[in-house]
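Heads up, the thing below is written out as structure tokens.
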Amino acid sequence: MNRIIVTLISIIVIVGAIFTAVIISDDNKQNEDKLIETQEIAEETILDECTDEYEQIENGNIIETNSNAEKISPNCEFIQKIYYSKCGHTISNYLNLPKEIVNLTQDELTEKYSDWKIEKFESNQVVLYKEIDAECGEHYLVKNKEGKVAIYKILDDNLENLEELEITDIYTEYLTDTDKINIDKGIRVNGKQELNQLIEDFE
């Protein structure tokens with residue numbers, strides 16, 4: 001009789017252990033499934049939030065877009081170069097950077113300035129270029145007038161028609177011998193940038 005009871009108890013214990021093991025195994029599997037599902041949702045959320053970095057997913061492969069493309073920084077030097085075909089001169093204009101082009105890529109800048117050619121594109125310097133069938137209107141003659149450096153605007157190429165713009169406070173007697181000879185002959189410059197540089201050299 002005792003043997004029967006012991007046998008029954010053993011069977012009950014074994015069955016209980018098996019049942020418990022099955023329940024624990026099912027719980028673990030459910031937890032693993034939930035963990036995998038959570039990770040998949042997190043990955044989808046990350047991809048959704050990074051639309052600038054990813055374009056699409058094909059066959060499980062993530063295709064990265066040009067999110068790392070160089071962009072214009074707020075401190076970028078902005079230059080517009082214009083070639084005037086009638087006089088053959090190129091004028092470079094150093095301009096304040098327009099706020100609306102900050103953080104633009106080269107493609108975006110090309111679209112915004114469609115009538116310009118992008119000669120140089122870097123985050124800290126952008127150079128735009130175009131050709132115009134006209135004269136630049138920025139031809140100057142720097143010469144000696146009564147012992148001072150004077151600036152004239154050239155109104156035609158024969159140098160007979162000049163418009164006096166300014167007589168500076170720079171005395172020619174303090175210039176180098178070479179500069180004195182050149183300024184007595186008259187120094188032709190094209191564009192305000194070149195003119196300003198020449199005057200700075202004399203100062």
Response to the item:
Note: among E135, E164, just one is at pLDDT below 95 and more than 25 Å from Q80 (Cβ to Cβ), namely E164
Worksheet, complete the sentence: Checked the range 140-154 for anything among the basic types (K, R) and within 18 Å of I91 (Cβ to Cβ); matches are K153
Item to complete: Only residues that are farther than 24 Å from V189 by Cβ and aliphatic (A, V, I, L, M): list them for the range 88-146, please.
Response: L97, I101, V102, L104, L109, I118, V126
Discussion item. Quick check on the range 143-173: of everything there that is of a type outside the set (D, E, K, R), touching a residue at least 24 places away in the same chain (Cβ under 8 Å) and in a strand (DSSP E or B), which residue is surrounded by the most Cβ atoms within 10 Å (Cβ to Cβ)?
Written reply: V149
Item to complete: Could you please let me know if L109 is within 29 Å of the chain's Cα centre (by Cα), outside any loop (DSSP other than H, G, I, E, B), crowded, with 16+ Cβ neighbours inside 10 Å and not assigned by TED's automatic domain parsing to the domain that holds N190?
Response: yes
Worksheet item: Within the bounds of the range 100-114, is there any residue that is in contact (Cβ under 8 Å) with a residue 40 or more places away in the chain, among the charged types (D, E, K, R) and more than 20 Å from K192 (Cβ to Cβ)?
Response: no
Worksheet item: Is there a residue in the range 95-106 that is within 30 Å of P74 (Cβ to Cβ) and assigned to a strand (DSSP E or B)?
Response: yes
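The values are calculated or read from the model by the stated rules, or taken from the named source; none is laboratory data. The structure presented is a predicted model; accordingly, all values stated were derived computationally and were not measured. Every residue, glycine as well, gets a Cβ built from its backbone with ideal geometry; the counts of neighbours run over all protein chains shown.
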